Amino acid sequence: MSGIDKIKNKAEELLGDAKEAIGGATNNDELKAEGQKDQAAANTKQTGENIKDVFK
């Protein structure tokens with residue numbers, strides 16, 4: 001299950017990156033901030049997955 005979670009986290013990170021880029025290109029600070037938030041959440045989840053892998 002961990003592999004699927006890692007893929008989902010990476011997809012969420014990439015979506016956040018795209019939102020941030022679009023927000024920056026269109027001067028939409030709200031979208032840019034949302035993208036940064038999505039990336040941070042994905043990175044936090046990914047860190048949790050990595051920690052679980054260490055203890056397996």
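Some points to look at:
- Angle between the chain longest axis and helix 2-25 axis [Cα atoms, degrees, rounded to 10]: 10 degrees
- For segment 2-48, the dipole from Cβ point charges (+1 on Lys and Arg, -1 on Asp and Glu) about the Cα centre works out to 200 debye, to the nearest 20.
- Between residue 11 and residue 44, the distance separating the two model label sites (each 7 Å from Cα on the Cα→Cβ line) works out to 2.1 nm.
- Rough spin-label spacing in nm, given labels placed 7 Å along Cα→Cβ, for residue 26 and residue 4: 3.3 nm
- Qualifying lysines (Cα of each under 17 Å from Cα of residue 19; at least 8 residues distant if same chain): 8, 10, 32, 37
- Selection among 48, 14, 26 by position relative to the dipole of the chain gives 48 as farthest towards the positive end (Cβ unit charges, Cα centre).
- Compactness of the chain, expressed as Rg and Dmax over alpha-carbon positions, Å: 13.1, 45
All of the numbers you see were taken from the coordinates with simple rules; none came from a lab. Everything quoted here is computed from the prediction, not taken from an experiment. Virtual Cβ from ideal backbone geometry, glycine too; neighbours counted across all protein chains shown.
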